[in-house]
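The values are calculated or read from the model by the stated rules, or taken from the named source; none is laboratory data. Fair warning: this is a prediction, and the values are worked out from it, not measured in the lab. Reconstructed Cβ throughout: ideal geometry from the backbone, glycine too, with neighbour counts over all protein chains shown.
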Amino acid sequence: MCTNRNPVVCAIGGNYHINMKKELRPEELKDSLISGAANVIKNREKLNKINVFPVPDGDTGSNLAETFKSILQTLKSRDFDSAHALLSAVSRNMLRNARGNSGVIFSQFFYSFSKSLKGKKNVSIHDFAESMKQSIKKTYEALEKPVEGTVLTVIREVSEEAEKISLKVNDFREFIEHLQETAKKSVEKTRETLPQLKKARVVDAGGLGFLYFLQGISAYFKGDRIKFDEDFSASRVDEYKAEFSEKYRYCTEVLLEDSRLNSVEIKRKLSSLGDSLIVVGDPALFHIHIHTDEPEKVFKTLSEVGKIRMKKADDMHAQVRIRQDYAILVDSGMDLPPSYYQKYGFKVIPFQVFVGNKSYKEGVDISREEIIKILTSNRWKELKTSQPAFSDYLEAYKELLNRARHVYAIHLSSNFSGTYSSSVTAAERIDPERITVFDTKLFSIAAGLLALRIRDMIEKKMPREEILKKIEEIRLQSFAVIVLDTMKNLVHGGRAGKLKGGFVDFLGIKLIITIDEDGYLKKLTQAFGRKAALKKVLSLLREKLDPGRTYDFGIAHVNTPQKVEFIREFIRSNFKYRDIIVNYTTPAIAVYGGPGAYGVFAVPVEE
């Protein structure tokens, strides 16, 4: 009796094939893709360790894991009536969630693969081979300057083998096994093709990721657990990384909707700004990847031809520089501008934002400006926030420990957010000896300013205990004052009673809040009307701060630019300062603070 749950195989002392599979039904295609994607995710750390091309930033495995997670997210709890519908859903989600150079290349391949199977309910071996052939052609076209000896070469050689072998075999199991063996040989050849890989004595990480994907699919057909006996060792990766210098600084990615230009025109516009340029998708949704020194110019150029839905710029120089020493992880609720995260190479864990039932990662899938627009519209009740998923910390620590001897995680007050607790638990599970977690007992830009101070101490190689003692002194000498313009958001979020909130708003009372010594938000005072509240804030700053001392100041706000500018000028005229940072506040605060809320934070500077 067959006991194997896979309908294609049966077990008798091992696994043997019951029947030949000449074509795949949607449910079989679904299960095989899930198996392939899961295998890539499972092996992300192996890929991170050998990642040297195009930049040895140790994150190809993590980027591919994020990219292939979109397959699991799409397929896990859904059924499809056709292969085309299934692949269309997968490719669209992958297009949105692709990360890094290899991830974007995979998203283009899947996008083209789904297009070539239009109208297909089931997938035959011939269909599969023909789709691979068309898809790799489109993938080469998506890159401005395709480089051989990479994942591109591996997919191309596998596609060429697929076309040949499809004329000889009638069984998907045998077909995929042939492709897997071809991929294995092709991956091994990358070690000698690219000078970077030859010098580091490794294979291409993206190409190996594709091999893992095929091995996962093959395992599905055979009903076997995957065994890895290949030796893709990384004998000179550390030496290679130490010698590496990259021409461009920022790995920049953009999701562009409703573009007025096609992919060729976009490549033409961006080609002078950097290299490793990839434009994937279609005018309805493009995923664009480029290495550049001018990410803001990239963003500005693209904002003029379409709607930017996501943008990011990772500092590759910082990633390489800190690899031998330390890495820093922070919450997106630190409210520092992106340029600060980029400058210091901070890894940012984003809060989750829900618009209705749809989830976004703040600063990744949705910008603060977009959130403010919703918050100040009649859709404001649709907004909710949530702390990052626990798995985000696990994956971040694995990634950072691949490129740093020690990781320092710095978080908002544990009495305001659960991020500190999640981070501590994740650190204990991964490697508590190499991870130090800080509770700033502050929030918003105050916590961000303290994170910058901690980073300075780490740079000076101060012992951990000395850092903890010093930042506690600085924290107790810091000051925060926050003004709420309305209570309706607190009431809607369940943080205040409806009757009390309505009464306060009716009277025009503005609550003025601070952060106490234990990291709790507490009411400081109140004022009648906005002008009186602002006057009281300025008075409190004069009262609480030492005019002879230098401070770093931060101003976080929810759409109050004129008021912020007035406060900035007041600080410049009345206090000694090293820096004044201004930014929209994190959605985690904005959603409950509501429109018109603002905060002023001061952290003393060592003389």
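Things to note:
- Residue within the stretch 349-368 that is among the aliphatic types (A, V, I, L, M), more than 23 Å from Ala556 (Cβ to Cβ) and either touching a residue at least 60 places away in the same chain (Cβ under 8 Å) or out of contact with any strand residue (DSSP E or B) (no Cβ under 8 Å at 6 or more places or on another chain) (or both) present: no
- Every condition in (1) at pLDDT 90 or above; (2) under 15 Å from the mean Cα position of the chain (by Cα) is met by Asp31 except one, and the failing one is (2).
- Within the stretch 41-57, at least one residue is surrounded by fewer than 20 Cβ atoms within 10 Å (Cβ to Cβ), of a type in the set (Asp, Glu) and touching a residue at least 12 places away in the same chain (Cβ under 8 Å).
- Residue match in the stretch 161-176 (condition: within 30 Å of the chain's Cα centre (by Cα), part of a helix (DSSP H, G or I) and at pLDDT 90 or above): no
- Helices (runs of 4 or more DSSP H) wholly inside the stretch 469-580 that include at least 1 residues being modelled with pLDDT of 95 or more, among the hydroxyl-bearing types (Ser, Thr, Tyr) and in the same structural domain as Thr376 (by TED's automatic domain parsing): none
- If you filter the stretch 1-28 down to residues that are assigned to a loop (DSSP other than H, G, I, E, B) and modelled with pLDDT of 50 or more, you find that the one that is surrounded by the most Cβ atoms within 10 Å (Cβ to Cβ) is Lys21.
- Count - residues of the stretch 187-218 that are among the hydrophobic types (A, V, I, L, M, F, W, C) and in contact with a Ser or Thr (Cβ under 6 Å, 6 or more places away or on another chain): 4
- Test for Phe390: is it in contact with a helix residue (DSSP H, G or I) (Cβ under 6 Å, 6 or more places away or on another chain) and hydrophobic (A, V, I, L, M, F, W, C): yes
- Scanning the stretch 382-407 for residues that are touching a residue at least 60 places away in the same chain (Cβ under 8 Å), part of a loop (DSSP other than H, G, I, E, B) and either of a type outside the set (Lys, Arg) or buried (at least 20 other Cβ atoms within 10 Å of the Cβ) (or both) yields a count of 2.
- Being among the small types (Gly, Ala, Ser) and at pLDDT below 90 holds for only one residue in Ser107, Ser77, and it is Ser77.
- Residue check, Arg379 over 29 Å from Glu428 (Cβ atoms), of a type in the set (Lys, Arg) and crowded, with 17+ Cβ neighbours inside 10 Å: no
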